[in-house]
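The structure appears below as structure tokens.
The values are calculated or read from the model by the stated rules, or taken from the named source; none is laboratory data. Just so it is clear, the structure is predicted and the values come from calculations on it, not from any experiment. Neighbour counts are summed over all protein chains in view; Cβ atoms, including those assigned to glycine, are modelled from backbone coordinates with ideal geometry.
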Amino acid sequence: MSKSEQAVAGHDDPLKTQIDQMIEELPAQGHLTLGTLLDKLGDEGMLLLTILLTLVFLIPVSIPGVSTVFGAVILLVGISRLSGRPLWLPQRLRDKQLPADKLRPALKSGMKWMERMERISRPHRLPMFVDGKMMGLFNNLAFVLAALLLMAPFSFVPFSNTLPAIALLLFSVGFIQRDGGAILLGHLTNLASIIYFGVLIAGGGVALQHLFHKVTG
């Protein structure tokens with residue numbers, strides 16, 4: 001278990017309570033920076049930070065400028081887990097200004113997903129999907145894949161952000177709780193995301209081909 005997982009798993013409060021407390025401590029007005037969030041949580045809270053950032057993608061309301069930034073941070077969290085090194089962010093990302101008046105209510109709306117995750121998660125379930133160095137490497141690679149899928153340029157398409165975000169939420173909860181069931185669901189959601197994107201790309205190709213023949217015919 002990583003230091004981040006040990007720190008969070010050793011906390012007495014349920015995950016939902018911890019995330020709720022983090023959201024309540026955010027400013028309600030003005031702006032805050034990603035650096036402020038990181039300084040507050042530290043490297044020990046990388047998975048909690050991932051859950052917090054993922055919640056924004058699970059609601060129908062879009063916050064301009066947040067998707068790419070949050071996706072990049074989650075990707076760097078995955079790379080940090082793979083390398084076993086502390087999370088590093090470019091100064092430009094650390095200084096990115098976020099609208100607190102929109103971010104805080106969006107995070108609160110996304111908490112319904114956290115409640116669902118806690119209802120289905122069971123600590124130390126299906127350990128074969130958690131234990132072992134190779135399984136840990138595979139799971140962290142899948143986490144990075146989910147982050148890349150989240151950053152795919154399909155944000156205008158329904159559910160294109162939702163599926164990878166659910167996968168990341170499942171992975172994060174699974175890592176913290178050492179719940180192989182949640183991690184397995186995360187892999188299946190990644191697969192669903194790939195299939196969905198494949199259908200989108202294939203459908204777009206067919207539409208462009210049809211349009212080309214219509215124009216040139």
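Scanning the stretch 154-167 for residues that are touching a Phe, Trp or Tyr at 6+ places or on another chain (Cβ under 7 Å) and at pLDDT 80 or above, which turns out surrounded by the most Cβ atoms within 10 Å (Cβ to Cβ)? Only one residue fits best here, namely Ala165. Just one residue in the set Lys102, Lys108 is surrounded by 14 or more Cβ atoms within 10 Å (Cβ to Cβ) and touching an Asp or Glu at 6+ places or on another chain (Cβ under 9 Å); that residue is Lys108.
Quick check: is even one residue across the stretch 112-120 on the phi > 0 side of the Ramachandran plot and surrounded by fewer than 19 Cβ atoms within 10 Å (Cβ to Cβ)? The answer is no; no qualifying residue exists. Considering only the stretch 122-146, how many residues are closer than 18 Å to Ala167 by Cβ and either modelled with pLDDT under 90 or in a helix (DSSP H, G or I) (or both)? Final tally of qualifying residues: 13. Can you find a residue that is crowded, with 18+ Cβ neighbours inside 10 Å, over 17 Å from Val173 (Cβ atoms), aromatic (Phe, Trp, Tyr) and at pLDDT 75 or above anywhere in the stretch 41-64? No, the conditions are met nowhere in the stretch 41-64. Do we have Gly198 as loosely packed, with under 12 Cβ neighbours inside 10 Å, assigned to a helix (DSSP H, G or I) and either among the aliphatic types (A, V, I, L, M) or modelled with pLDDT of 85 or more (or both) here? Spelling it out, Gly198 is indeed loosely packed, with under 12 Cβ neighbours inside 10 Å, assigned to a helix (DSSP H, G or I) and either among the aliphatic types (A, V, I, L, M) or modelled with pLDDT of 85 or more (or both).
Only one residue in Leu188, Leu149 is in a helix (DSSP H, G or I), at pLDDT 95 or above and aliphatic (A, V, I, L, M), so which one is that? Just one listed residue meets the conditions, Leu188. Consider Arg81 carefully, then state whether it is basic (Lys, Arg) and not in a helix (DSSP H, G or I). Taking the combined requirement at face value, the residue does not satisfy it.
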